[in-house]
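Just dropping this structure here.
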Amino acid sequence: MKTSISATSVAANTTGFASNVTGATWTLTATTSGDSLAHLVTIHNDSATDHSAKTATIVGTDGDGNVQTETLNLPAGTATVTSTKYFGSVISVTPSATIGADTMDIGWAAGSVSGWKYFKENPGQFAVGFGCLVASGSPNYSVQHQYGDGTAFTHSVVTGKTANADGSYLVPITAMRLMFTAAGGVNLTAIQYGA
């Protein structure tokens, strides 16, 4: 079985979802980064006011379109907080209390992931070979895999790469994806033995 992932991660954008939201209701001006990848979400406090006792709940989808939420403590003064989950879309960001006349920006970080590509279950020998070709820009990328529960593990060799790279899996995995920490494009092709 041959599968591929072609992905181009856009640069970080601190106001990509909304600029200068205020009060108790925040309105988004965009719901995706536009690159079909899931990004870490950032919230930047434009004021020196400490809002860290308040939270904001992010509702959206992951890289595969599954609904997910995450709650972040707002920044203490002029600072940025970043989600730990990757969001392919953001439906809403709701503060736990008003921030008054202060303003915040909602955007995305450079960190992003593609959706998962799943392999066929094979009762015989499992082997996957893959190659990654840099297609555009200056990406910094890694290949990740999972064992069926969605927990991501980073490949031991193809991690933090900025040029073409290849690798393999000789023990069963269920899926793989690309992860970026800098903008750019990568084409991944994987071949599963015997599938």
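Just so you know, all these numbers are worked out from the coordinates, no wet-lab data involved. The shown structure was predicted, so the numbers you read here are calculated from the model rather than taken from an experiment. Reconstructed Cβ throughout: ideal geometry from the backbone, glycine too, with neighbour counts over all protein chains shown.
Between residue 4 and residue 159, with labels modelled 7 Å along Cα→Cβ, what's the label distance in nm to one decimal, could you check?
Reported label-point gap for residue 4 and residue 159 is 2.8 nm.
While we're looking at this one, here's another question. Before anything else, pin down the relative contact order of region 49-170: Cα pairs under 8 Å, at least 6 apart, normalised by residue count, whole percent.
Result for region 49-170 is 20 percent.
Another question, if that's okay. Zone of residue 78 (label point 7 Å along Cα→Cβ, backbone N under 16 Å): which residues in region 32-62?
44-51
Which chymotrypsin sites (Phe, Trp or Tyr not before Pro) from region 80-172 combine a DSSP loop assignment with at most 10 other Cβ atoms within 10 Å?
Sites meeting the loop and neighbour criteria: none at all.
Any chance you could run the full-extension gain for residue 46 through residue 70? It's 0.36 nm times the residue separation minus the Cα-Cα distance, nm to one decimal.
Working: separation 24, 0.36 × 24 = 8.64 nm, distance 2.15 nm.
That works out to 6.5 nm of additional length.
Something else about it: Suppose a student asked you for the relative contact order of region 1-91, using Cα pairs under 8 Å spaced at least 6 residues apart; what percent would you report? Don't jump to the answer; show the numbers that get you there.
Details: 164 pairs, mean separation 27.1, N = 91.
Reported relative contact order: 30 percent.
Now a separate question. So, in region 52-195, how many Lys pairs have Cα atoms under 23 Å apart, if the pair is 8 or more places apart or on different chains?
Lysine pairs satisfying the spacing and distance rule in region 52-195 number 4.
Another question, then. At 7 Å along the Cα-to-beta-carbon direction for both residue 168 and residue 146, put a label point, then send me their distance in nm to one decimal.
Output for this residue pair reads 2.6 nm.
Then there's this: If each residue of separation counts as 0.36 nm, what is the full-extension length gain between residue 59 and residue 25 once their alpha-carbon separation is subtracted?
Value of the extension gain: 10.8 nm.
Relative to the present Cα-Cα distance, how much length would full extension add between residue 15 and residue 98 at 0.36 nm per residue of separation?
27.9 nm
Residue 133 versus residue 191, label points 7 Å from Cα toward the beta carbon: distance in nm?
1.4 nm
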